[in-house]
Number of protein chains: 2
Amino acid sequence: MSENVYVGMDLGGTTIKVGLCSESGVLLHTYEGPTGVAEGPETVIANMAEYVRRVVEESPYAWEQLAGVGAGVAGFTNVRDGIIVMAPNIGLKDVPIRAILEERLGKPVKIDNDANVAALGEAWSGAGAGVENCVCYTLGTGVGGGIIINGRIYQGSAGMAGEIGHIDVVPDLEAIQCGCGKTGCLETVSSATGIIRMAKEAVERGERTFIADASEITAKTVFDAAKAGDEVALRIVKRAAFYLGKSMATVAAVLNPQSFIIGGGVSKAGDILFNPIRETFAQLTPAPLQGGVQIVPAMLGNDAGMIGAAGLMIR
Amino acid sequence: MSENVYVGMDLGGTTIKVGLCSESGVLLHTYEGPTGVAEGPETVIANMAEYVRRVVEESPYAWEQLAGVGAGVAGFTNVRDGIIVMAPNIGLKDVPIRAILEERLGKPVKIDNDANVAALGEAWSGAGAGVENCVCYTLGTGVGGGIIINGRIYQGSAGMAGEIGHIDVVPDLEAIQCGCGKTGCLETVSSATGIIRMAKEAVERGERTFIADASEITAKTVFDAAKAGDEVALRIVKRAAFYLGKSMATVAAVLNPQSFIIGGGVSKAGDILFNPIRETFAQLTPAPLQGGVQIVPAMLGNDAGMIGAAGLMIR
């Protein structure tokens, strides 16, 4: 019981999840509480510190064994200086969170954004365990990305690497505008938002599809209909998958990673999504760049954020 | 005169260039001799060793000061094991060149392919000096690439990273087949070969252009005509530049490098090529990914290979 342990924190808009982690990336104990956004920034920060203390107290480990705290933040972060630059869903802006938490907890702290941290978690002790170089896609409201090089998060020159959702993949004639202001971004077709949009448009056009029967259209509605053989839903899923595979062909030509790890809510669709992604990747990638490259689902689910955040202190 | 020096070798199909380099990347002395491909592999290997001895002998430095030899090879290399896997223009195949040269010279040896080595040279003491993360394009017969991360060559999982020429950028309806077997690759439009092809097609179609007057069409013919205001040549140059800029928008979304460094024969065209590249990059790249990113010409010219090869031993 004298080994070091680490806390990884997943700071989201609704809940803060904290996990006590071993040096090898095993979750030992977890705690979860409300973020408290409505009560303002001071409360959010107080909750962060409080939940770290709580998860250690509830565990069989002593506070002295806690060697550091990592946090993954849903928002823009300045990793080097430990600042939350802008996290709209958490109500934090220009908060030097590392300095604040280090003072309150008396432990070293590191932060990064949630997509990078989830990527590190998967690369470290999830679907990428043992892999040195991999690229993680998170398919949710948008398409997030995280790049792991030599086992560590690759930040890029301005901390902006891994903006995979903004790779231009859709041909101009089919492209629509993305939230980023450009057109043709992967995110416009392969995120949950993109899938729901395509489904709603099909229903509005009056296409014959089970999707029209749903009271609310979600990405799951579309995948369920596709699994039941609905042609319209299948077409939408194939389109989302095609552009994911196309983007991976591009990323493979640049980075030649060992694996692509796909997580986030949309990735739970399984083979109906993964098979066409793999087919497209095989079609569009020059043969020497395909060798040994795997396209696999993420394994850690909602724990990736906590484990990866702890990994910030260890890796 | 007691400091260490390094030899960097640029192994091409016609000549072998060797340069004696200081630890800070300054070329101290160079030597150049024929590769000797026609005389067979044994001669090529003997020449490599001979020219290394020669460049040191001719210099004011002693053999004992030579701390290592790096070689950039025009071909496929296995960097980890120091093997030239396949270098068709040099007539070498499956040659464990590192072991051979280490035995003959009694010095440590490292190898890599020529595009990576040139990228390292530029990143180290050329257009990227002081930059940690950059992407180098070499515009010649093909479009080569080299990726520098944290000041070192990034190899990828199978040594295939930086195959930028095979990013799919041309829309399907305009795409032609690439040597790699796929369609739409950057290399089909933005290499010297691609530019010459587009020019020949324009001439064959009977378009009114100065290019038609040339006895032999080269990339330089096209750029000279464009500079003289020839509309057809301008269109071709803009097309080559557009797809370069488009590919950089994609690479920026993935890697967020500090700079793109463009070398190779085609890059000598100057502003007429660089200005439309920069315009396209600005149009197609989300604003946060543009911040501080520079698109600059390579500076070392033909010396990049020698300097970068020496850098293999130092960086």
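The values are calculated or read from the model by the stated rules, or taken from the named source; none is laboratory data. Please read all numbers here as calculations on a predicted model, not as lab measurements. Note that we place each Cβ from the backbone using ideal geometry, even for glycine, and neighbour counts take in every protein chain shown. Ligands, DNA and RNA are excluded from the accessible area calculation, which covers all protein heavy atoms including side chains. Shrake-Rupley method; radii C 1.70, N 1.55, O 1.52, S 1.80 Å.
Okay, residues lined up against (1) out of contact with any Pro (no Cβ under 8 Å at 6 or more places or on another chain); (2) modelled with pLDDT of 95 or more; (3) open to solvent by 30 Å² or more (accessible area, probe 1.4 Å):
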| residue | (1), (2), (3) |
| --- | --- |
| A:Val203 | yes, yes, yes |
| A:Ala214 | yes, no, yes |
| A:Asp230 | yes, yes, no |
| A:Ala233 | yes, yes, no |
| A:Phe242 | no, yes, yes |
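Pick out the one residue from B:Thr30, B:Thr77 that is open to solvent by less than 50 Å² (accessible area, probe 1.4 Å), within 20 Å of B:Ile307 (Cα to Cα) and within 21 Å of the chain's Cα centre (by Cα). Break it down stepwise before answering.
On the way: B:Thr30 fails: open to solvent by less than 50 Å² (accessible area, probe 1.4 Å).
Going through B:Thr30, B:Thr77 in turn, the sole match is B:Thr77.
Quick check, is B:Ile176 under 25 Å from B:Thr193 (Cα atoms), of a type in the set (A, V, I, L, M, F, W, C) and crowded, with 24+ Cβ neighbours inside 10 Å? Considered against the rule, which asks whether it is under 25 Å from B:Thr193 (Cα atoms), of a type in the set (A, V, I, L, M, F, W, C) and crowded, with 24+ Cβ neighbours inside 10 Å, B:Ile176 comes out as no. Considering (1) touching a residue at least 12 places away in the same chain (Cβ under 8 Å); (2) closer than 17 Å to A:Phe274 by Cα, the lone condition that A:Gly229 does not fulfil carries the number (1).
The condition of being at negative phi and surrounded by fewer than 18 Cβ atoms within 10 Å (Cβ to Cβ) holds for only one of A:Thr188, A:Thr183, A:Thr221, A:Thr250, that being A:Thr183. Residues in the stretch A:23-34 that are out of contact with any Asp or Glu (no Cβ under 7 Å at 6 or more places or on another chain) and not aliphatic (A, V, I, L, M): A:Ser24, A:Gly25, A:Thr30, A:Glu32, A:Gly33, A:Pro34. The single condition among (1) modelled with pLDDT under 95; (2) not in a strand (DSSP E or B) that B:Leu101 does not meet is (1).
Looking at this structure, is A:Val85 closer than 14 Å to A:Lys107 by Cα, surrounded by 15 or more Cβ atoms within 10 Å (Cβ to Cβ) and touching a Lys or Arg at 6+ places or on another chain (Cβ under 9 Å)?
Working: closer than 14 Å to A:Lys107 by Cα: no; surrounded by 15 or more Cβ atoms within 10 Å (Cβ to Cβ): yes; touching a Lys or Arg at 6+ places or on another chain (Cβ under 9 Å): yes.
For A:Val85, the condition - closer than 14 Å to A:Lys107 by Cα, surrounded by 15 or more Cβ atoms within 10 Å (Cβ to Cβ) and touching a Lys or Arg at 6+ places or on another chain (Cβ under 9 Å) - is not met.
Applying the criterion of at least 1 residues that are on the phi < 0 side of the Ramachandran plot and outside the structural domain of A:Ile148 (by TED's automatic domain parsing) to the helices (runs of 4 or more DSSP H) found wholly in the stretch A:257-315 leaves A:304-314. Total residues in the stretch A:4-27 satisfying the condition of being surrounded by fewer than 16 Cβ atoms within 10 Å (Cβ to Cβ) and within 15 Å of A:Ala310 (Cα to Cα): the figure is 4.
When the residues of the stretch A:163-177 are filtered to those that are within 7 Å of another protein chain (Cβ to nearest Cβ) and touching a residue at least 40 places away in the same chain (Cβ under 8 Å), the one that is farthest from B:Thr280 (Cα to Cα) is A:Ile164.
Scanning the stretch A:106-133 for residues that are assigned to a strand (DSSP E or B) and open to solvent by less than 20 Å² (accessible area, probe 1.4 Å) yields a total of 3.
Of all residues in the stretch B:134-166, those that are open to solvent by 10 Å² or more (accessible area, probe 1.4 Å), out of contact with any strand residue (DSSP E or B) (no Cβ under 6 Å at 6 or more places or on another chain) and assigned to a loop (DSSP other than H, G, I, E, B) total 11. With respect to the conditions (1) more than 13 Å from chain A (Cβ to nearest Cβ); (2) open to solvent by 50 Å² or more (accessible area, probe 1.4 Å); (3) modelled with pLDDT of 95 or more, B:Lys268 falls short on a single one, namely (3). Against the numbered list (1) under 19 Å from A:Gly311 (Cβ atoms); (2) more than 22 Å from the chain's Cα centre (by Cα); (3) surrounded by fewer than 16 Cβ atoms within 10 Å (Cβ to Cβ), A:Glu64 comes up short only at (1).
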